[in-house]
1. May I ask you to order 184-192, 112-120 by the average number of other C-beta atoms within 10 Å around their residues, highest value first?
2. When the Karplus curve 6.51 cos²θ - 1.76 cosθ + 1.60 is applied with θ = phi - 60°, which whole-Hz ³J(HN,Hα) does each residue of the stretch 120-130 get, with x for Gly and Pro?
3. Calculate the spin-label point distance for F153 paired with N78, positioning each point 7 Å from the Cα along the beta-carbon direction, and give it in nanometres.
4. What shape does the stretch 69-175 have by the C-alpha gyration tensor, where a ≥ b ≥ c are the square roots of the eigenvalues, rounded means a/c under 1.5, and otherwise prolate means a/b greater than b/c and oblate the rest?
5. Based on alpha-carbon centroids, what's the gap between the stretch 79-117 and the stretch 291-366 in Å, whole number please?
6. Could you pull out every one of the lysines with an alpha carbon less than 19 Å from that of K390, ignoring same-chain neighbours closer than 8 positions?
7. Only counting other Cβ atoms within 10 Å, I'd like D337, D96 sorted with the fewest neighbours first.
8. Would you mind ranking H132, H124, H263 so that the residue whose beta carbon has the fewest other beta carbons within 10 Å leads the list?
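A short reminder: the numbers here are calculations on the coordinates, not readings from a lab. Note that this is a predicted model, so its numbers are computed, not measured. Cβ placement follows ideal geometry from the backbone for every residue including glycine, while neighbour counts extend to all protein chains displayed.
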Amino acid sequence: MGNWCRLWTAFVTQVANGVVILDYVRTTLALLQLPRGLEERGTFDITVSQVTQEGLEEIHRANGGNVGGTTVNKEFWNLLCRVYGEDVVSRFRSEDPDDELRLEQSFEQTKKSVEMNDKRGDIHMPIPLALHTIFTAGKTIEKSDQQWKPKEFEGKIIVDLKKGKLQINRRVFENLFRTSFDEIYKSISELLSKQELSNLNAILMVGGFSDSPLLYEKMKAHIHIDHPNVQVLKPDQAISAVVKGAVYFGHDPKIFRKRVCRHTYGIKINMPFDRTLDPKGLLQTDENGVEYCKNRFSKHVSIGEKIKVGTFNQGKIYLPFRENQKSVSAPVYVSKDRNPRYADNSCAYLGSCKLDLSNLPMEEEEIEVSMKFGETELATVKAREVKTNKEIQAELYFLG
């Protein structure tokens, strides 16, 4: 764990313009992960962790909306549709996928080169010949028309057909980021307003979208005004920070001592039937005529709950459904709801917990089942006879 603290200290030294901030070794840090536009997952995630000498303790986790770098890319394509026409752009994307990819890559590079308050003027982007060819098909283009200015933009966008470039006014280009930035900043502001996170004093931006100087500088400027005690930091290559973090994690998976549970975990069981709440379709009667409700969700851990990594949580007591039952295969489900009543379509099947009851004494009824969570998800289960405290063989089989 000391290695991580030294790495963190070195990182802060690097990004803070030579100022060593040793206090950050014990900081409360918000990790803002922003995928770039070409990545499949366009959402952003925020994880707040307390850095201690023993390791990282996750204290808050929030899944952001679908407004990462992908949103900026969508705004760019919408802009092209307004410039060239939706039919032209649609035809270009369907007929020339290679050029489409090259154009997106070019836009990614442009995003990484444009800085806030840059004095260089308009942004110039190369445009594939195929797009201009489709655009000019059937049109008579005079030499004087080689630079075309769409009326809608009042000269703020110029299509240079001869040079194959698109000239975009800086303000128009910056507006492509507006929706994404506003949503990200809204989530950050809500986070910083939480009383339980009042000690949060640093935001670390990682992921490809964080490599945009425009986004980074704008985030720093807004945070400095609204939350002057919070520093916004970013490694030199934010896009590779996630991969490097995964490598460090692989070498030291115990780096996280506590985590915030991503889901609600539970077991699908039968419970006494409640005629005022449970639907008749879930009614089940045993051989003694006792009414049960099937498909009930027996919760072990709630979403948002802080769990100690590598430690079994407090168990729950269960009874075999039938006498002389030799084994049990209990389905394990996860849910985004905090208190799901049923293991239904709103939940996801994770796997099964199999218990060997062949050596269970006849007089023994109660069985306690506990779950242990690893560094990222549910790791294993254990079970015991409540009266004798004798361990029961238990195995967890994951789906797939």
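1. Highest-to-lowest ranking by the protection proxy: 184-192, 112-120.
2. Karplus values, whole Hz, x for Gly and Pro: 7, x, 5, 9, 10, 10, x, 10, x, 4, 4.
3. Between N78 and F153, the label points sit 1.6 nm apart.
4. oblate
5. After rounding, the separation between the Cα centres reads 51 Å.
6. Reachable lysines: K316, K326, K354, K372, K382.
7. D337, D96
8. The most exposed by this proxy come first: H124, H263, H132.
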